[in-house]
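Remarks on the structure that follows.
The values are calculated or read from the model by the stated rules, or taken from the named source; none is laboratory data. Please read these numbers as outputs of a predicted model, since none were measured by experiment. Backbone-built Cβ (ideal geometry, glycine too); neighbour counts: all protein chains shown. Each accessible area value is taken on the protein alone, full model and side chains, heavy atoms only, with ligands, DNA and RNA left out. Shrake-Rupley method; radii C 1.70, N 1.55, O 1.52, S 1.80 Å.
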Amino acid sequence: MRSAGMAIVLAGIGLAGVWPLAALAADPAPLVIKFSHVAAPQSHKSRAAEHFKALAERYTNGRVRIELYPNSQLYKDKEELEALQLGAVQMLAPSVSKFGPLGIKAFEAFDLPYIFPDYEALEKVTHGDIGRDLLGRLEAKGLIGLAYWNNGFKILSANTPLREPDDVLGLKMRIQASKVIEAQMWAMGGVPQVMAFSEAYQALSSGVVDGTENTPANMYTQKMYEVQTHATMTNHGYLGYAVISNHAFWTGLPPDIRAALERAVAETTPVANAYAGQENDDALAEMKASGRTTFHEPTEAERAAWIAALLPVHDEMAGRVGRDLIDRIYAVTGRKPH
Ligand code: LMR
């Protein structure tokens, strides 16, 4: 059957000489960019990705179509990075804690407990030379770093109260694939269990693990609070994302398309961070209102005990992450926590 598009092309041929040849090939199929991630469809990462999609499609006048695949529906944590390297997807926004297994250990500096006292300190790192240098290291793995997007600061949860590090003793704790987070869990006395994000809820609910750490937003959107009776507002570490693409794919884009997409990413970053901040606040309020989890705010003495137990991880992991890098972060944030 002849399509409407074909009819228009044939009509154009009828006006031979009137249409430029290019018009015959008008409306080429848009370039499809598959953007895969592991967070829930209602999460701030999804909303940020939707914002990026709208801007990207507008700025490229429809020459690019962004297809979003949230919730690990295409790939889990490790697989999505491999898929990006192989070119099966074109964009991801993984937690930077997941770059260690690729061999880029320096990103695990972000996992050092209490390294960022607040968002201001964090942004001095992500928006400055250190953040740029770290993204540059992705190139050796066939990737390109486009931006940092926040999630937030992590809290601890389990089915028993966690008032001080000793309360974690012997608990199996789900973590992301980061050696620094692993060391941090050992430092608390816990038994770290690396596990994909998509498997965390099931593992908590069936008792395969006893507890975990995550941001309030992730704890809420993955329904982990339904299977964790206690949480402590330790805010002991940061969880954030790097928006990344395949280096060969990205640098091979027509320059105007690439510029438009980079503009869309850059303009999405503050929006993504605002969504994340809001969602972490809202998630905490919703979880408290649900009454399923008791949220404990550490006393000054308890906070001091957490800090004392976890700060030695900085020195312990200096060989892996890089002493120089850690010192550069201390210098930028103005804080040497030990
Ligand atoms: C996790 O695995 O806990 C997080 O990195 C998931 C995410 O993308 O926020």
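For the reader, a short list of remarks on this structure follows.
- Of all the residues in segment 224-248, those that are more than 14 Å from Thr293 (Cα to Cα) and either more than 16 Å from the ligand (Cβ to nearest atom) or not in a loop (DSSP other than H, G, I, E, B) (or both) number 11.
- Meets criteria (under 24 Å from Met91 (Cβ atoms) and in contact with a helix residue (DSSP H, G or I) (Cβ under 9 Å, 6 or more places away or on another chain)) for Asn159: no
- Ala83 vs. criteria small (Gly, Ala, Ser), over 19 Å from Ala39 (Cα atoms) and open to solvent by less than 60 Å² (accessible area, probe 1.4 Å): no
- For segment 203-223, filtering for residues that are surrounded by fewer than 24 Cβ atoms within 10 Å (Cβ to Cβ), part of a helix (DSSP H, G or I) and within 15 Å of the ligand (Cβ to nearest atom) leaves 2.
- Pair list, Cβ < 8 Å and 6+ apart or interchain, from segment 246-271 residues that are farther than 23 Å from Gly152 by Cβ to residues that are of a type in the set (Ser, Thr, Tyr) and surrounded by 13 or more Cβ atoms within 10 Å (Cβ to Cβ): Ile257/Thr60; Ala260/Tyr59; Ala260/Thr60; Leu261/Tyr59; Leu261/Thr60; Arg263/Tyr59; Ala264/Tyr59
- Count of residues meeting criterion [assigned to a loop (DSSP other than H, G, I, E, B) and touching a strand residue (DSSP E or B) at 6+ places or on another chain (Cβ under 8 Å)] in segment 37-59: 1
- If you go through segment 24-63 and pick out every residue that is of a type in the set (Lys, Arg), buried (at least 19 other Cβ atoms within 10 Å of the Cβ) and under 18 Å from Trp250 (Cα atoms), you end up with 1.
- The residues of segment 193-202 that are of a type outside the set (Val, Ile, Thr) and surrounded by fewer than 21 Cβ atoms within 10 Å (Cβ to Cβ), listed by number, are Gln193, Ala196, Ser198, Glu199, Tyr201, Gln202.
Quick grid of which residues meet (1) assigned to a loop (DSSP other than H, G, I, E, B); (2) within 16 Å of the ligand (Cβ to nearest atom); (3) at pLDDT 95 or above:
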position: Arg65; (1), (2), (3): no, no, yes
position: Gln73; (1), (2), (3): yes, yes, yes
position: Ala83; (1), (2), (3): no, yes, yes
position: Ser97; (1), (2), (3): no, yes, yes
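- Residue among Val194, Val180 that alone is over 25 Å from Lys288 (Cα atoms), in contact (Cβ under 8 Å) with a residue 60 or more places away in the chain and within 16 Å of the ligand (Cβ to nearest atom): Val180
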